[in-house]
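*Asks:* Supplied in structure tokens, the structure appears directly below.
Here, each number is a calculation from the coordinates, and none is a lab measurement. Remember, predicted model here, so these are calculated numbers, not experimental data. Positions of Cβ are backbone-derived with ideal geometry, glycine not excepted, and every protein chain shown enters the neighbour counts.
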Amino acid sequence: MRRLTLPLMALGFGGACAAESQSVFHPSGEGAADINRLQVWVFGAAGVVGVIVAALIIYCLVRFRRRANDEESPEPIQVHGNLRLEIGWTIVPALILSVVAAATMVSLFNLSERPNDATHIKVFGQQWWWSYEYDLDDDGESEIVTANDLVIPVDREVVLDLTSRDVIHSFWIPSLAGTKDVVPGRWHELPIQASRPGVYEGQCKEFCGLSHANMRARVVAVEEDEFEQWVDEQRDAAKVPSDPVAVEGKKQFETLLCAQCHQIRGVNDGLEVSRDLLVSQHAPDLTHFASRGVFASGMFALYEEDGTVNRAALEAWLRDPPDELPMAADHQPYRGMPTLNLTEDQIDQLVAYLTSLGPKPPTSSEERR
Ligand code: CUA
């Protein structure tokens, strides 16, 4: 299958990105496996038909081409209709398509199954990032609000309830499940399940504005006990820094514009900020920022391979976000994070504070799929 993957991707199958981790041909979840089983043999059958048709066309082109002495040769025998051929080329495609339709129906029914005990996670799309809310005790209040990394337990059935806060997006993790459009004013369901721990990458699949191509998605699948530990940590209020530089960073967060859009649970509560901005989630909740593997719509890794903070990327982001992630054409007022003209000292302090927020990401997230 691997040998087939690259040529297929070149043809536009399997997504816009050639990353192995975004291949629909390497399913790691039931939904994706179902889709893959269907597409592999449908593609095979279509390939055989395609080769036969192409061969017949080439044969006719060569066999009946115009020859030098055609002027003298008599006109070919004129025929009209051939009952046996016509019945044949009606029945054979009808049979093939019936089998494809039946198999597709089976897959559709499988994919639409919703286990009753599934864990529901709310997914909000907005220009140009994803936020996730977990209401674990089903009381209508989300205990966990996070962004960019969607953490799920391995082997458990998860149903994503998706909606959008602005325009239409589409959520797609190719190796875990099919795609689902994310539409403002509507809730769509997408069952998703990972059979192995690891990081599964995906992206927004519906053109949604300037940084559509940068609107990445990431699922971090972890073992059940690791998930429980992650949940416990995420439920806590934000860590209070002790390092003096980070303490200064917290002050910057509170006094600069940051706290007007970003929520850090336990920090904004006492501040004079517009609740509307926080409620509408104009910006990612940063309560446990350091527990995520990526930031800025998943564009940048928060940690280097050796586990140290990717300071350069985080500093560059704070220095000039629109330069790192295009948010408006021609420097018009944009969505997303503005340039705050921070001093290098302020940037250092904010980096120290942000990276003190929360534990490191779950360990299995080092394994990329
Ligand atoms: Cu969101 Cu494309």
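*Asks:* Counting other Cβ atoms within 10 Å, which chymotrypsin sites (Phe, Trp or Tyr not before Pro) in the range 36-108 have at most 11 and lie in a DSSP loop?
*Replies:* Listed in order of number, the matching sites are Phe64.
*Asks:* Quick one: which of 153-163, 247-257 comes out on top by average Cβ neighbours within 10 Å, and what's the full order, highest first? Working shown, then result.
*Replies:* Values: 153-163: 18.5, 247-257: 16.9.
So the peptides 153-163, 247-257, ranked by packing, come out 153-163, 247-257.
*Asks:* Report for the chain the percent antiparallel among DSSP-assigned beta bridges with both residues inside it, nearest 5. All intermediate terms of the calculation are to be shown ahead of the outcome.
*Replies:* Numbers: 29 of 43 bridges.
Roughly 65 percent of the beta bridges in the chain run antiparallel, per DSSP.
*Asks:* Let me ask something additional. Using the crude model of +1 on Lys and Arg Cβ and -1 on Asp and Glu Cβ, and no other charge, please compute the dipole size for the chain relative to its Cα centre, in debye to 20.
*Replies:* The dipole magnitude comes to about 1860 debye.
*Asks:* Give me the extension gain from His80 to Gln260: residue separation times 0.36 nm, minus the current Cα-Cα distance, reported in nm with one decimal. Intermediate results must be reported in sequence, preceding the final value.
*Replies:* Working: separation 180, 0.36 × 180 = 64.80 nm, distance 7.75 nm.
Here the segment from His80 to Gln260 would lengthen by 57.0 nm.
*Asks:* Determine the equivalent ellipsoid of the range 47-201 by diagonalising the alpha-carbon gyration tensor, then write out the semi-axes as square roots of 5 times the eigenvalues, largest first, rounded to whole Å. It would help to have the intermediate numbers written out before the result.
*Replies:* Working: eigenvalues 622, 70, 42 Å².
After scaling each eigenvalue by five and taking roots: 56, 19, 15 Å.
*Asks:* Right, next: For a footprinting-style exposure proxy, rank Tyr132, Tyr353 by other Cβ within 10 Å, fewest first.
*Replies:* Values: Tyr132 21, Tyr353 28.
In order of increasing Cβ crowding within 10 Å: Tyr132, Tyr353.
*Asks:* Between Ser242 and Val53, what is the spin-label point distance in nm, taking each point 7 Å from the Cα along the Cα→C-beta axis?
*Replies:* Distance between label points: 7.0 nm.
*Asks:* Going by average Cβ density within 10 Å per residue, which order do the peptides 108-117, 209-218, 23-32 take, highest to lowest?
*Replies:* On the way: 108-117: 10.5, 209-218: 19.6, 23-32: 21.3.
Highest mean packing first, the order is 23-32, 209-218, 108-117.
*Asks:* Taking the Cα centre of the range 119-262 as origin, sum charge times position over the Cβ atoms of Lys and Arg (+1) and Asp and Glu (-1), and report the length of that vector in debye to the nearest 20.
*Replies:* Working: 13 positive and 27 negative charges, 185 e Å.
Computed charge dipole of the range 119-262: roughly 880 debye.
*Asks:* Could you state the angle between the C-alpha long axis of helix 224-235 and the longest principal axis of the C-alpha atoms of the chain, as a value from 0 to 90 degrees rounded to the nearest 10?
*Replies:* Compared with the principal axis, the helix lies near 50 degrees.
*Asks:* A follow-up question, please. For Glu228, Glu233, what ranking results if the residue with the fewest other Cβ atoms within 10 Å of its Cβ goes first?
*Replies:* Going from sparsest to densest Cβ surroundings: Glu228, Glu233.
*Asks:* For the chain, just the Cα atoms, rotate onto the principal axes and tell me the three extents in Å, largest first.
*Replies:* 97, 49, 41
*Asks:* Additional query: What chymotrypsin sites (Phe, Trp or Tyr not before Pro) does the range 145-218 have in DSSP loop regions with at most 15 other beta carbons within 10 Å? Kindly include the intermediate steps, with their values, before the conclusion.
*Replies:* Working: sites: Phe171, Trp172, Trp187, Tyr200, Phe207; in loops: Trp187, Phe207.
Here the chymotrypsin sites (Phe, Trp or Tyr not before Pro) that fit, given the DSSP loop and packing criteria, are Trp187, Phe207.
*Asks:* Report the paramagnetic label zone for Arg311: residues of the range 338-359 whose backbone N is under 13 Å from a point 7 Å from Cα along the Cα-to-Cβ axis.
*Replies:* 345, 347-353, 355
*Asks:* For the chain, how many pairs of lysine residues have a Cα-Cα distance under 15 Å, where the two are 8 or more positions apart or belong to different chains?
*Replies:* Details: Lys122/Lys180; Lys180/Lys205; Lys239/Lys250; Lys239/Lys251; Lys239/Lys360.
So the count works out to 5.
*Asks:* Next question, about the same structure. Rounded to the nearest 10 degrees, what's the angle between the helix 344-354 long axis and the longest principal axis of the chain, both from Cα atoms, 0 to 90?
*Replies:* Computed tilt is about 80 degrees.
*Asks:* Pick out, from Gln260, Leu210, Val222, the residue whose Cα sits farthest towards the positive end of the charge dipole of the range 170-276, with +1 on the Cβ of Lys and Arg and -1 on the Cβ of Asp and Glu.
*Replies:* Final value for the positive-end residue is Leu210.
*Asks:* Order of Asp285, Asp243, Asp34, Asp70 from fewest to most other C-beta atoms within 10 Å?
*Replies:* Numbers: Asp285 22, Asp243 13, Asp34 18, Asp70 8.
So the ranking, lowest neighbour count to highest, is Asp70, Asp243, Asp34, Asp285.
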